[in-house]
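See structure below.
The values are calculated or read from the model by the stated rules, or taken from the named source; none is laboratory data. Predicted model, so just to flag it, every value in this text is computed and none were measured. Cβ atoms come from the backbone with ideal geometry, glycine included; neighbour counts cover every protein chain shown. The area values use the complete protein model at the heavy-atom level, side chains included, leaving out ligands, DNA and RNA. Shrake-Rupley method; radii C 1.70, N 1.55, O 1.52, S 1.80 Å.
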Amino acid sequence: MMSAMAIDSVVVRQRVEDLDAAVPFYEELTGSTASRFGFAGVDLASVGPFLLFAGPDEAVRRVAGVAATLAVADLDAAVEGAEAEGAEVVMPVQPTPNGRRAVLRHPHGGVYEYVGP
């Protein structure tokens, strides 16, 4: 059985057609200021617990194929623990503009991005 792995927060992903139009709504909803960035041909905005993204269909498929982002305190330990319990590494740990990430498919089919130090 997997030892308790602390998930610090969950980020919900939402594709939008027009990032510029969507950001003000989510800033008002959350009381947070958006942090905007680009990654792999996709325009993104992190606003509170939401990760908004827009771009060409081909580029956003990679982002849309992940159910949610799970922030963890120890990325390497989280990946190792999940693998030990049957998760499959879809994308190994790698650096990103905002830290480090890995993508795993859980034993019951859900695909999640893990982020952390």
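Of note:
- Taking a sphere under 15 Å around the Cβ of Ala68 and counting the other residues whose Cβ falls inside, with K and R at +1 and D and E at -1, yields a net charge of +3.
- For the chain, share of DSSP beta bridges that run antiparallel, in % to the nearest 5: 75 percent
- Put simply, when 23-33, 50-60 are sorted by average Cβ atoms within 10 angstrom per residue, most first, you get 50-60, 23-33.
- Carbon-plus-sulfur accessible fraction, region 4-103 (probe radius 1.4 Å, protein heavy atoms only): 52%.
- Relative to one another, the C-alpha centroids of region 39-59 and region 68-117 are positioned 19 Å apart.
- From most to least packed by mean Cβ count within 10 Å, the peptides 73-84, 6-17 give 73-84, 6-17.
- Sites Asp76 and Ser9, calculated FRET efficiency, Cβ-Cβ separation with R0 22 Å, nearest 0.05: 0.75
- Around the Cα centre of the chain, unit charges on the Cβ atoms of Lys, Arg, Asp and Glu (plus for the first two, minus for the last two) sum to a dipole of about 100 debye.
- Value of relative contact order over region 13-56, rounded to a whole percent, pairs C-alpha under 8 Å and six or more apart: 44 percent
- Cα point-scatterer Debye curve for the chain, base-10 log of I(q)/I(0) at q = 0.12 Å⁻¹: -0.44
- With helices as the sole contributors, the chain gives -7500 deg cm²/dmol at 222 nm; each DSSP H run of n ≥ 4 counts as -39500 (n - 2.57), and the sum is divided by every residue.
- Residues in the chain average 57 Å² of solvent-accessible surface per residue, probe 1.4 Å, ligands and nucleic acids excluded.
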